[in-house]
1. Taking segment 23-68 only, how many residues are more than 12 Å from ligand 3 (Cβ to nearest atom) and within 28 Å of L527 (Cα to Cα)?
2. Out of everything in segment 133-162 that is more than 17 Å from L538 (Cβ to Cβ) and more than 16 Å from ligand 2 (Cβ to nearest atom), what residue ends up being surrounded by the fewest Cβ atoms within 10 Å (Cβ to Cβ)?
3. Is it the case that some residue within segment 417-429 is closer than 17 Å to D79 by Cβ, under 22 Å from the mean Cα position of the chain (by Cα) and among the hydrophobic types (A, V, I, L, M, F, W, C)?
4. Of everything in segment 619-673, what is open to solvent by 40 Å² or more (accessible area, probe 1.4 Å) and among the basic types (K, R)? Give them in sequence order.
5. Select the strands (runs of 3 or more DSSP E) contained entirely in segment 1-117, then report the ones holding at least 2 residues which are closer than 29 Å to I657 by Cβ.
6. Quick one: count up the residues across segment 138-177 that are assigned to a helix (DSSP H, G or I), away from ligand 1 (no atom under 14 Å from the Cβ) and within 23 Å of R578 (Cβ to Cβ).
7. Filter segment 7-21 down to the residues that are under 13 Å from Y56 (Cβ atoms) and more than 16 Å from ligand 1 (Cβ to nearest atom) and list them by number.
8. Out of contact with any helix residue (DSSP H, G or I) (no Cβ under 7 Å at 6 or more places or on another chain), open to solvent by 20 Å² or more (accessible area, probe 1.4 Å) and in contact (Cβ under 8 Å) with a residue 24 or more places away in the chain, is that true of H235?
Amino acid sequence: MKQTQTHYRTCNLCEAMCGLVIEHSDTEILSIKGDKEDPFSKGHICPKALALKDLYYDKDRLKTPLKRTATGWKEISWDDAFDEVVENLQKVQKKHGQNAIGLYRGNPNVHNLGLMLYGSAFSKSLGTQQKYSATSVDQLPHHIASLKMFGHQMMVPVPDIDRTNYMLIIGGNPAVSNGSMMTAPDFSGRLKALQKRGGKFIVIDPRYTETAKIADQHFFIKPGKDALLLLSILHVIFDNQWENLGVLASHTNGLETIKSIALDFSPAKTAEEIGISAQEIKNIAKEFSQASSAVCYGRLGVSTQEFGGTCQWLINVLNSITGNLDTQGGAMFTLPAIDLVRMSAITGKTGSFNRRQSRVNNLPEFSGEYPVAALADEILVPGEGQIKAMITIAGNPVLSTPNGQKLEKAFETLDFMVAIDIYLNETSKFANIILPSTNGLETAHYDLIFHQLAVRNTTKYNEALFERKAIQRHDWEILNALTERISGQKNPATPEAMLDYLLQKSPYTEQQLSVKTLKKHPHGIDLGPLQSCLPQRLYTDNKKINIAPKLFVDDIQRLKKKNSNTDEKHSLMLIGRRQLRNNNSWMHNAELLMTGRERCTMLIHPEDASKFNLNNHQKVRVSSRVSSIDIPVEISSEIMQGVVSIPHGFGHHREGINMTLAEEKAGVSINDLTDTNDIDELTGNADFSRTAVTIQAI
Ligand SMILES: Nc1nc2c(c(=O)[nH]1)N[C@H]1C(S)=C(S)[C@@H](COP(=O)(O)OP(=O)(O)OC[C@H]3O[C@@H](n4cnc5c(=O)[nH]c(N)nc54)[C@H](O)[C@@H]3O)O[C@H]1N2
Ligand SMILES: Nc1nc2c(c(=O)[nH]1)N[C@H]1C(S)=C(S)[C@@H](COP(=O)(O)OP(=O)(O)OC[C@H]3O[C@@H](n4cnc5c(=O)[nH]c(N)nc54)[C@H](O)[C@@H]3O)O[C@H]1N2
Ligand code: SF4
Ligand SMILES: [Mo]
């Protein structure tokens with residue numbers, strides 16, 4: 001007789017940290033539901049959580065190390081795999097120098113306790129400066145704005161969504177993404193609650209998104225024009241003397257500088273280029289500064305663009321000068337049970353920027369990494385410091401970083417590559433050895449990163465639902481084994497022991513947090529709403545908020561020089577689009593998520609479609625400077641005229657991968673069109689909002 005048991009855990013797939021209740025027997029998952037007793041998510045889940053079951057049972061998911069041989073992939077033992085990997089890495093470094101190893105870490109790293117706890121020791125053991133991650137196709141601008149303004153890259157302000165009365169959402173679609181750099185399970189429900197208490201939220205986006213549909217107002221904006229919009233809003237606020245820094249006034253430096261910058265950006269001058277009327281810009285500025293509390297939140301659409309860094313800076317400025325920084329209902333800072341901000345600051349690790357530049361393209365370093373737009377050239381261009389061996393950990397840069405085809409060509413030239421990944425996919429297929437880890441339900445879970453970005457302070461730990469099989473290894477075991485072979489130093493502590501140590505340093509002394517306490521509270525423990533913490537929690541040298549850091553102030557010249565006439569007149573601008581049942585590139589093998597109509601389509605406005613004589617669902621060839629793809633169109637007035645949109649993460653038609661269902665519904669990759677030349681020159685972050693494309697019916 002199988003006995004039904006109940007397991008509680010947090011979903012590890014996106015940033016929302018939804019609590020799950022999983023009914024199971026010793027070996028089987030019977031059901032997955034939202035955990036109503038989770039104090040943070042209160043029962044909310046999305047369809048992806050149910051796919052954790054598909055992931056667990058997925059026959060294509062790898063369990064043992066694979067080695068590429070002349071006659072195909074061969075299973076090898078863990079010990080042989082570890083030995084061979086380290087031997088080859090060391091051989092490359094001996095011949096070509098320390099920096100001949102490249103390391104790329106993908107998005108699931110930050111959702112994985114083991115990778116978080118053992119990742120830095122491994123990375124350090126390699127002794128290479130050639131480090132990359134998904135940060136530079138994502139949230140890098142947030143970190144640089146925080147570093148320069150508040151003195152710590154992880155002091156990222158989070159909208160106090162549950163108490164605000166006005167929210168301005170720019171370049172984010174939380175109704176689908178469930179929020180990002182802002183952990184808020186049931187984001188849509190929280191937005192509806194905001195409206196119910198008499199508040200308002202508005203959305204600025206080149207697409208009439210799922211979030212825009214539930215908003216009080218939506219404005220189309222021309223891609224990449226958000227910095228201009230933000231400066232124009234600031235202009236109106238200063239022009240009317242609506243600024244009011246509140247209690248932080250005496251702790252803020254640089255207000256006059258911002259004022260004089262904003263002077264040049266009157267809506268009368270900028271409106272046309274932005275695509276929003278001067279009157280509407282004035283209204284937004286007025287409503288924002290006069291609301292009892294307000295918060296501006298800008299996400300991927302304003303980070304991965306030409307002025308991503310400047311946008312994230314200006315968003316912080318807008319919140320500051322209206323008295324909405326560090327106050328209830330504004331942009332606040334978290335105090336998680338494990339406070340990575342304070343702990344890293346103690347060791348002097350508050351973040352860094354531009355201490356050195358990448359070898360070939362001179363892109364700026366940040367916290368020991370280079371922007372991933374530099375990676376392909378670092379592999380392809382000969383010279384001292386050229387990458388000859390590559391390590392990827394939970395990343396799929398062939399599909400997720402600009403100009404995937406160039407990266408494919410680069411990977412082909414490597415002397416050696418190892419991928420720590422659960423699938424044989426578009427990136428890991430280039431590896432000589434794949435080291436597959438356990439995943440999801442087979443691992444213990446604690447969100448070290450997302451509690452740091454959550455709209456409420458809570459804490460929760462879950463053990464693995466199922467023990468790993470004897471043939472499997474956890475990510476942390478893989479990293480530990482490699483680190484030991486490379487440096488001779490093995491970390492003797494388990495993740496649970498390390499977590500316990502971190503919890504005991506918690507600022508929440510009264511709760512006496514430990515792994516043992518958390519095990520007694522499987523739904524999680526509520527630690528209360530966000531609290532004001534400035535100026536105490538500032539890490540700047542002068543202990544002030546630097547509202548006008550030189551780095552960003554200087555970037556205004558680049559913005560001014562940018563002449564809208566240089567935008568190519570005959571091309572369309574390509575942007576991305578997230579969909580509820582995708583998770584970047586790697587969940588297209590989950591049956592539950594892959595039902596229904598084809599999702600990898602290009603949205604195009606009816607006027608543009610008629611210009612090119614296109615019928616709905618017809619296939620077109622889309623070409624950019626770097627390549628072309630063929631894709632069906634979906635004609636819709638949801639998308640702004642002159643702009644087209646393709647979801648990222650597809651393109652599973654590539655030879656030599658093994659993801660059966662994903663290959664059947666392969667789609668094409670938007671990143672075969674995006675360009676490593678399109679970056680935010682200030683931060684080096686990828687610019688996914690400027691790909692100029694032409695289309696042709698086929
Ligand atoms: N054009 C365009 N490109 C984009 C974006 C966009 O909006 N438009 N979005 C960008 C963003 S925000 C991000 S974060 C990046 C993501 O970029 P990446 O992180 O490079 O890509 P993912 O698709 O998340 O790939 C995750 C990989 O980890 C593996 N994996 C999953 N779970 C585990 C695990 O537990 N352990 C291990 N070892 N491996 C695991 C998967 O099999 C997969 O290969 O893509 C970026 N790329
Ligand atoms: N279902 C699902 N959820 C996810 C993910 C997923 O792949 N699928 N990925 C997760 C990850 S890794 C991340 S980082 C988050 C991202 O979370 P979000 O940022 O909320 O996600 P996106 O849907 O990429 O939203 C970006 C929005 O910016 C708009 N945009 C594009 N260019 C511009 C521009 O120039 N200006 C303005 N104003 N808007 C622009 C796009 O139309 C889009 O609506 O989502 C996370 N959640
Ligand atoms: S919203 Fe995110 S965390 Fe919540 S169930 Fe869906 S994928 Fe999991
Ligand atoms: Mo991301």
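1. Step one: list which residues in segment 23-68 are more than 12 Å from ligand 3 (Cβ to nearest atom), which gives 23-31, 36-37, 39, 53-54, 56-68.
This time we only want the ones that are within 28 Å of L527 (Cα to Cα), so: 23, 36-37, 39.
Selection size over segment 23-68: 4.
2. D162
3. Quick first cut of segment 417-429, residues closer than 17 Å to D79 by Cβ only: 418, 420.
When the remaining residues are screened for being under 22 Å from the mean Cα position of the chain (by Cα), the result is 420.
Keeping just the survivors that are among the hydrophobic types (A, V, I, L, M, F, W, C) gives 420.
Among the residues of segment 417-429, at least one is closer than 17 Å to D79 by Cβ, under 22 Å from the mean Cα position of the chain (by Cα) and among the hydrophobic types (A, V, I, L, M, F, W, C), which makes the answer yes.
4. K619, R621, R625, K665
5. Working: elements: 5-10, 19-24, 29-34, 66-69, 72-75, 101-105.
Result: 29-34, 66-69, 72-75, 101-105.
6. Taking segment 138-177 as the starting set, the residues that turn out to be assigned to a helix (DSSP H, G or I) are 140-150, 174-177.
Now drop any that are not away from ligand 1 (no atom under 14 Å from the Cβ), which leaves 144-150, 175.
Checking which are within 23 Å of R578 (Cβ to Cβ) leaves us with 145, 175.
The number of residues fulfilling the criteria is 2.
7. Residues satisfying the conditions are H7, L20.
8. Values: out of contact with any helix residue (DSSP H, G or I) (no Cβ under 7 Å at 6 or more places or on another chain): no; open to solvent by 20 Å² or more (accessible area, probe 1.4 Å): yes; in contact (Cβ under 8 Å) with a residue 24 or more places away in the chain: yes.
So H235 fails the test.
The values are calculated or read from the model by the stated rules, or taken from the named source; none is laboratory data. Just so it is clear, the model here is predicted, and its values are computed rather than measured. In this analysis, Cβ positions are derived from the backbone assuming ideal geometry, glycine residues included, and neighbour counts consider all displayed protein chains. Quick note on the areas: whole protein, heavy atoms, side chains included, nothing else; ligands and nucleic acids left out. Shrake-Rupley method; radii C 1.70, N 1.55, O 1.52, S 1.80 Å.
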